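Notes for the one structure printed next.
The values are calculated or read from the model by the stated rules, or taken from the named source; none is laboratory data. Quick caveat: nothing in here was measured; it's all calculated off a predicted structure. Here the Cβ is made from the backbone with ideal geometry for all residues, glycine too, and neighbour counts use every protein chain on show.
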Amino acid sequence: MDNSLIDRIREASDIVQVISSYIPLKRAGSNFRGVCPFHKDTHPSLNVSQSKQIFKCFACGKAGNVFTFVQEYERLSFMEAVKVLAGRAAIQIPEFDKTKVVSTKRDQLIQVYAMTRDFYADCLFKHGKGVLDYLAERKLSAETAKQLELGYALNSEKGLLNHLLKQGFGVSLLKESGLFSNVQGNMIDFFRDRLMFPIHDSTGKVLAFGGRTLNDGSPIGKYINSPGTELYTKGNELYGLFKSKYELGKDNSVLVCEGYFDFLRVYESGFKNSVASLGTALTDEQIYLLARYTENIYMLYDGDKAGRKAAVRAALLCISKGLNPQIIELPDKQDPDTFILEFGPEELKKRIASALPAIDYIASSDALEIPVKERIEQILDAVRPIKDPIRRDLLLNSVAEIFSVKQSSLSQKLRLTSRQETPEPVQEKHLEGHPEEKFLLALALKNEHDYYFLAQELSEDYFFNVSYKKVFRFLVAEDRAMSLVQPATLLDTIEDAALRECLADLLFEDLSLMRFEDTLKQVKVRKIQYDMDLLDRMIEKNPQDMELLKQKETLVREYRSMTKKVVNKILH
């Protein structure tokens, strides 16, 4: 792809707007800040510079420009990220050869699942009249079925198998896909005569399937899901997230329900900021996935006793991860699907508006049927892992106020019962030693004159820190002065993540009170001192070597000259 086209796509993709479509950002001085989606971050560690069009997490070290963010977040290649942003900016790119070499087993399985999705979707509209009638009975439109890529698994033992074999996939690969059962040595389709729900990752790739039987008397079970595979681990994905993720960031909130049909009903009724936990209890991994987009989590679970208890368990887990959960109460014997059908979307809006913060709900709900002391202890168990002292104090203050107990008593209880292991902290990436090298490189990236002077005056031997030596080598390998006007362009094609993160770190530095010339002299003087020490050791071994003595004398004169200038400057 032509570099000018890549530049045009970058210029049309403001990094703050793009990242804000994934996660909430708040202004922090001249930059923006948000919770980093690349590690288990519950504090705003991700910094975004709109003027430089770069981002940097000062906890995990992840850094780059707008292309890098989309690459890392969506798990795409550089060119795929460019195409995503081109589509977002309505910029057309030329068609190239679409032939893709599939090299890894994971890539092959992704192709198998993509073709399986297409096969099931095709079967729904060609052979699934009974399924379409069933959806119509439940007042779900064919359009929603298309949007969510629903399908139909034929009532056949080898319908899918034969289709995939015709596409050229090998038997050994299909055995590992989880799409087939082994019955007395024969491969047969795992899903048969079922309404199919593809389970996508956040980028839209199909990783697994869920299937609902149309015969409620089926001995196998109403719902069955794909087994764990190389692609899919139960509890790691959220149903519908690939469709709703942009809305989560925009609304800064998410509605979490439990089942497929609950999600379909809620989504079709206009609540686009929704996901489902695939019928299981909400997991740590799913909560960390939600935390990428918002900290405001609304539990939209069934209204019966079991549903309310499940909502409380999920909400407490969210509290422990530093999020703000609220619980939407539905009438007994109602789930989101039946509630909207009976009362309509407007009534659900009212329920959402009157949702209670989790702690208030736990304190007031009669449905929980547990003593007050136990309720407080459940909340304290959720508060215990929180390391942010301000958030902890605010939560304890809220508990004290709601339950009419002293905050000091709650704090004492926490200390006495703190048996939980401290979670391993995120290892902060930092570059040890030689800060003058960091300052010099950061200053050289500010303007063209200093950049050229750095390249002319120094060699990589002046850099003792391996990472800064690598940055210097990158900067002077070719003329990059034009990129200094738009620093984000420096990060476009750096495949070395450590180099990209180090360079982004330098670009974030604000050294307005430091002068390039002074820092350059400091680095030069330090190099002379190093060389003199090295010569001293060599002279000690060879005291009669006149050449070494001459070199030492030259260095001493140079050192005195440079340090004299520095002293004179300080005096005047």
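Kindly indicate whether Y152 is touching a Cys at 6+ places or on another chain (Cβ under 6 Å), surrounded by 15 or more Cβ atoms within 10 Å (Cβ to Cβ) and within 30 Å of F271 (Cα to Cα). Yes, satisfied.
Of everything in the range 189-216 that is at pLDDT 90 or above and over 15 Å from T116 (Cβ atoms), the residue that is nearest to the chain's Cα centre (by Cα) is R212. Of all residues assigned to the range 514-534, at least one qualifies as being at pLDDT below 85, assigned by TED's automatic domain parsing to the domain that holds E460 and under 42 Å from the mean Cα position of the chain (by Cα). Of the residues making up the range 495-530, those that are under 17 Å from K52 (Cα atoms), outside any helix (DSSP H, G or I) and of a type outside the set (G, A, S) are E509, D510, L511.
Restricting attention to the range 348-397 and to residues that are in a loop (DSSP other than H, G, I, E, B) and within 27 Å of the chain's Cα centre (by Cα), the residue that is surrounded by the most Cβ atoms within 10 Å (Cβ to Cβ) turns out to be I386. S483 falls short on exactly one of the conditions (1) touching a Ser or Thr at 6+ places or on another chain (Cβ under 8 Å); (2) surrounded by fewer than 16 Cβ atoms within 10 Å (Cβ to Cβ), and that condition is (2).
Summed over the range 232-268, residues that are closer than 30 Å to K175 by Cα, assigned to a loop (DSSP other than H, G, I, E, B) and within 22 Å of the chain's Cα centre (by Cα) total 8.
Considering the range 191-226, and only residues there that are among the acidic types (D, E) and in contact (Cβ under 8 Å) with a residue 12 or more places away in the chain, the residue that is surrounded by the fewest Cβ atoms within 10 Å (Cβ to Cβ) turns out to be D193. Listed by first and then second residue, the pairs with beta-carbon distance under 8 Å, at least 6 apart or on different chains, first residue in the range 245-262 and under 19 Å from Q326 (Cα atoms) and assigned by TED's automatic domain parsing to the domain that holds I199, second basic (K, R) and modelled with pLDDT under 95, form an empty list.
For L490, the stated conditions hold: it is closer than 26 Å to I9 by Cα, of a type outside the set (G, A, S) and either modelled with pLDDT of 85 or more or in a helix (DSSP H, G or I) (or both). Within the range 199-212, none of the residues are more than 16 Å from Y120 (Cα to Cα), assigned to a strand (DSSP E or B), of a type in the set (S, T, N, Q) and out of contact with any Cys (no Cβ under 9 Å at 6 or more places or on another chain). Apart from one condition, T229 fits all of (1) more than 21 Å from E72 (Cβ to Cβ); (2) part of a strand (DSSP E or B); (3) in contact (Cβ under 8 Å) with a residue 60 or more places away in the chain; (4) within 23 Å of the chain's Cα centre (by Cα); the exception is (2).
May I ask you to verify whether I297 is under 25 Å from I376 (Cα atoms) and modelled with pLDDT of 95 or more? When the stated conditions are applied, I297 passes them.
Restricting attention to the range 465-481 and to residues that are in contact with a helix residue (DSSP H, G or I) (Cβ under 8 Å, 6 or more places away or on another chain) and at pLDDT below 85, the residue that is farthest from C60 (Cα to Cα) turns out to be A481.
Scan the range 14-23 and tell me whether some residue there is outside the structural domain of L289 (by TED's automatic domain parsing), at pLDDT below 90, buried (at least 20 other Cβ atoms within 10 Å of the Cβ) and within 24 Å of L248 (Cα to Cα).
From the range 14-23, those outside the structural domain of L289 (by TED's automatic domain parsing) are 14-23; that's our starting set.
The next check asks that each one be at pLDDT below 90; those that pass are 21-23.
Right, trim to buried (at least 20 other Cβ atoms within 10 Å of the Cβ) and you get 22-23.
Now restrict to residues that are within 24 Å of L248 (Cα to Cα): 22-23.
The answer is yes, given that some residue of the range 14-23 is outside the structural domain of L289 (by TED's automatic domain parsing), at pLDDT below 90, buried (at least 20 other Cβ atoms within 10 Å of the Cβ) and within 24 Å of L248 (Cα to Cα).
When the criteria are applied in full, E237 meets the requirement of being at negative phi and crowded, with 18+ Cβ neighbours inside 10 Å.
Could you check, for the range 371-385, whether at least one of its residues is of a type outside the set (D, E, K, R), in contact with a Pro (Cβ under 6 Å, 6 or more places away or on another chain) and more than 21 Å from L264 (Cα to Cα)? No.
Quick check on the range 244-265. Is at least one of its residues surrounded by 23 or more Cβ atoms within 10 Å (Cβ to Cβ), farther than 18 Å from R292 by Cβ, of a type in the set (K, R) and modelled with pLDDT of 90 or more? Taking every residue of the range 244-265 in turn, at least one turns out to be surrounded by 23 or more Cβ atoms within 10 Å (Cβ to Cβ), farther than 18 Å from R292 by Cβ, of a type in the set (K, R) and modelled with pLDDT of 90 or more.
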